[in-house]
Each structure stands twice: as structure tokens, then as C-alpha cells.
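What follows draws every value from the coordinates through simple rules; no lab data is involved. These numbers come from a predicted model, not from an experiment. Note that each Cβ is placed from the backbone with ideal geometry, even for glycine, and that neighbours are counted across all protein chains shown.
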Amino acid sequence: MFRRFLLAFPLLLLAGCTAGPDFKRPAAPVSIAYTPQSLAVQTSSADTLQGGAQHFSVAGQIPGDWWSLFQSAPLNALIERAFKANPDIETAQAALRSAQQNVIAQQGFFYPTVGVSYSPSRNKLAGNMGGNSPGIQGNGTLIQTYSNPAGPNYNGPAYYNFHVAQMNIGYVPDVFGLQKRRVESAQAQEQQQQMQLRATYITLASNLVAAAFEEASLRAQIAAVTRVIAINRENLAIMHRQLVLGYLAEIDVAAGEAALAQAEQALPPLNKQLEQTRDLIRALAGNTPDNDVPETFELADLHLPEELPLSLPSQLVEQRPDVRIAEEQLHDASALYGVAIANRLPQFSVQAVMGGMASSPDWMFRAGGGFFSVVGNVAQTIFDGGTLRAQSKGAEQALIGAAARYRGTVIAALQNVADTLHAIESDADALKSAAAAEQAGKKMLELTRRQYRLGYVSYQSLLIAEQNYQLNTLSLIQAQAARLGDTAALYQALGGGWWNHTVDRPANLQQGEHAS
């Protein structure tokens, strides 16, 4: 029976099995839309800057450099330069390389470990060994001879050399898949870092686009407020002349001065926001605050894309980096559950030593100088206070939690796209209304100013018309910037097109591919 065991033992080591559940990718959402009601095929339009109608296309592709669709050469140059200089990109790249090396390191446990050692020594034997005197065998091995066993024979100390060289081989067969699950865990972590790098690129580009749009909006608002201040100063100069001529009372002039002060008060906060936005752009580009970027942005230089992609929910889970990261976290939890199960099973190991020893190196591997040892070991934990069982139960609950977290990430991703689609549709309508209000306010201001100069209306009527026009102008600018921002948010919400971009893209990470 023992002989049968010896014959079956190598087969057991080679066959093996893998503890724990095999990972299966979660099913894609069955949803075919993002809203209970069907969305309009296209948005409303307005006869103003950034007022074109936008069309949704399920078959539309998201380019890797989606920001180029806004047709701004300064924006393109800024983002490409930031990709090379932003510290977050370098951090994510280093994290990916570290994860890749961890996979290689973990795969190394599948192979035997081999080590060699050589230990030369110089030794002295005392001379009062009771008649013992050293001798050397023909193979160079030290022996003792006994010339006078009846009493001490002081022949003086003996000196000799001794050399030991050996090779150690250790192998831990992966009988129950412990190492396989650990490699699977490391590969899942590598996939997470790959997607984290993609997410870092997308986030950086999106933040730069948002900052550029904010700068363009602030510059337009500053220009509008500056025009309002100029109009108020012109009106105040007219009022002073009318006061001298006796056509106005001092209270009317005071009201004009208050209106000018109020308009001037709106300018410093806008200038502050503009400078802070420029600080943000410099930081995102990898620059220190004193190192400016050459690019500046105006609303008139930006183009609103008319064709918008609309990926299906089943495609979204393939495209969104956060969903892919959550999936790999689920994969990692599954593998770690397998590790915890395998740790409760018997552990096998084989150790082999071979080498030679002699008083002279050239005799170490001659006849009689060699030695070897082969030891097999099977170990099983009998009692550990419930530690391994608790670790297994904890890993199982972590797997359940990772599955729930994945579902939550998918729901949040779908909600993000839905919110963005609603914003695109709503802000298109808001821009249409803002454009109509701005045109009406402008016409009303021109008519009121003309009547005021002819003396048909009071200054209060002119002041109200100016204030309405100012508010309408600022609302129009904000609505124009919102439409640009909504479009950029949609590209980000749909995954950012990383599968179509080649900047530092991992060669083995294509859309839909996953590590085995």
C-alpha cells in the first residue's frame, strides 16, 4: 500500500485543483435606455453662439481625443502637453508598472527555488586528544587515527582545511490552486491599475476642458460687465450735464452713481474667479503658479459638436473605467476567497539538497565526497483557534460586498449618463430662452435709452432696462458655457473613448478584454 502511495503522490502533485469559485464576469445590464420615457432625437436650437441643435446617435463613436471636437487648437495643445507633464499621470503609470511586476513576482512561485552555497573553512584540532591524531582518506576526507588509546599522547595541534559545496532545491506544488489564485488576484489588481491610468487621463482631460470653458465664460462675463460699467458711466455723465441745466434732481444723479457703483462691484469677483481658474489650468498642466501657459480661451473660439454619441447601457459597462475597476475588484475578491479556502487545505513541499565535502576542493565531488537528501512534507493545520476559518468567512463576505459594490457602481454610471442627457436637453432649452430674453432686453434697452434722451421716460426706467439687459446677458453667457460643459460631461460619462486613444495605452488592454 505504501508503494502505491509513492506512485500516486507525484500524480497528485501534477493534477491538483483550484480552491474557491471560478470568476465569472457579471452580466451586462438588460436596460436599453437611460430614461423611462424616450429622449428627443435632437435638442432645441437658438440663433446665438453655441446655439446649434445636437443630434444623438446610438451608433456614434467616441474618439480618444474627444476634446478635439470642440475645434480649439489651444485646447488640444494644452491637453496633449498636460498628458506629458501632469504628476498624476506619472503616478498612475508608476502604479501600473508596480502592479505588473507584482504579477511577475507572484508567477515565480510556480517554479522551484534553486540556491547554491560554498563554505570553506580553516580548522584547528587541539593536541591533547588522548593519542588521537588526524589523518586524511584517499578522497580527501578528514579522519582520526588512534595511535595510543591507553593514555595521552601529545603530538601537538593539527590543522586542516574543510570545504562544503551544496545545491538546495525547494518546490511547493500548487496542489489546491493557492498560488494560482494569488496570481489571479495580482492580475486583477494589475487590470485595476490599467483602468486607473485610463481614468486619470480622462479625468485630467475633462478637468482641463471644464477649466477652459470656465475661463471662456468668465472672460465673456467680464466683458459684459465692463460694457455695462461703460454704459453707466456714459449715463452718469449725461445726468451731470442735465443736473447743471436743471433738468434732473440730485436724487436722480445719486441713483445713477449708486447704479455705477453696483456695476463696478460685480467686476472684482469675476476677475478673482478668472485668476483662480488660470491657476487651476497651470496646475493641471504640470506648471507652478508663476509659470503661465500660453493658451487662453474665448467662447467665440469654441465649437459645439452637433453629433453626440449615445452608447447602450450594455456598452457602458465595457467603456466606463470606474465600472471596469469595480469589476476587477470583484475579480480580486473572488481570487482572495479562493486563497482563503486553499489555506485551510493540506500544504505540500519538497526539499532536495546535493553537494560534496572534503578537505580539498578537487576532492569534494569524487567518490565518497558527495551527499544528497530529498525530503517531502505534507502539513495540515489541526487547531489555530478558528483563525483560518474566520479568514475564509471574512473573504466570502468581502466577495459579497464587492459584488454589491459593482452593482452600485453600474447604477451610478447609468445615473450619471441619464443626468447628463437631461442636462443637455434642458440646457439647450435654457439657452434658447436666454437668447430670446437677451435679444428682447437689448431691444428694450435701446428703445428706453432713445426715449430717455428725448425726455419721454425717467431715469428709473432706463436703470431698470439696463439692469435687465445685464442680467440677461450674463444668463446667456452662462447658458452658452453650460451647453459646452454638458457635451464634455457626456463624453466623460460614456467612458472617454480610452479604447480609441493611443497615449501610453497598454498594448494588451483592448475594449472588452480581461486578464484570465
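Based on Cα contacts under 8 Å between residues 6+ apart, the chain shows a relative contact order of 27 percent. For the chain, lysine pairs with C-alpha atoms less than 25 angstrom apart, excluding pairs fewer than eight positions apart on the same chain, total 5. Rounded to the nearest 5, the antiparallel percentage of DSSP beta bridges internal to the chain is 95%. Other residues whose C-beta falls under 12 angstrom from the C-beta of GLY338 contribute a net charge of -1, scoring Lys and Arg +1 and Asp and Glu -1.
Put simply, the amide H of GLY177, placed in the peptide plane, has neighbours under 5 Å in CYS17, ALA19, leaving out anything fewer than 5 places away on its chain. Helix 387-454 and the longest principal axis of the C-alpha atoms of the chain enclose an angle of approximately 20°. Summary of the geometry: the range 11-79 and the range 195-245, compared by the centres of their Cα atoms, lie 32 Å apart.
Compared with the dominant Cα axis of the chain, that is its longest principal axis, helix 178-245 is turned about 20°. Each of THR48, THR91, THR487 has some number of other Cβ atoms within 10 Å of its Cβ, and from fewest to most they run THR91, THR48, THR487.
Restricting everything to alpha-carbon atoms, can you work out Rg to Rh for the range 193-290 with a Kirkwood hydrodynamic radius? A ratio of 1.32. To the nearest whole percent, what portion of all C-alpha pairs in the range 465-505 is separated by more than 12 angstrom? Beyond 12 Å sits 69 percent of the P(r) for the range 465-505. A cut-off under 14 angstrom between Cβ atoms defines the neighbours of GLY441, and their net charge, with Lys, Arg +1 and Asp, Glu -1, is +1.
Calculated translational diffusion coefficient of the range 316-418 (37 °C, 0.692 mPa s; Stokes-Einstein with Kirkwood radius over alpha-carbon pairs) equals 179 µm²/s. Taken along its principal axes, the alpha carbon cloud of the chain reaches lengths of 147, 57, 43 Å, longest axis first.
Placing unit charges on the Cβ atoms only, positive for Lys and Arg and negative for Asp and Glu, gives the range 218-309 a dipole magnitude near 280 debye about its Cα centre. Quick check on the range 13-110: take the gyration tensor over C-alpha atoms, sort the square-rooted eigenvalues as a ≥ b ≥ c, and tell me if it's rounded (a/c under 1.5), prolate or oblate. Oblate. Ordered by the count of other Cβ atoms within 10 Å of each Cβ, fewest first, MET444, MET357, MET167, MET195 give MET167, MET444, MET357, MET195. When shorter helices are ignored and each DSSP H run of at least 4 residues is given -39500 (n - 2.57), the per-residue value for the chain at 222 nm works out to -19500 deg cm²/dmol. The C-alpha atoms of the chain define a longest principal axis, and helix 459-493 lies at about 30 degrees to it.
Computed from backbone phi, the HN-Hα couplings of the range 344-357 come to 8, 9, x, 10, 10, 7, 10, 10, 10, 10, 9, x, x, 8 Hz, rounded to whole numbers (Karplus: 6.51 cos²θ - 1.76 cosθ + 1.60, θ = phi - 60°; Gly and Pro given as x). Each of GLU215, GLU327, GLU295 was scored by other Cβ atoms within 10 Å of its Cβ. Listed from fewest to most, they are GLU295, GLU215, GLU327. Taking θ as phi - 60° and the Karplus parameters 6.51, -1.76 and 1.60, the scalar couplings of the range 46-59 work out to 9, 7, 7, 4, 6, x, x, 6, 10, 10, 9, 9, 5, 7 Hz in sequence order, x denoting glycine and proline.
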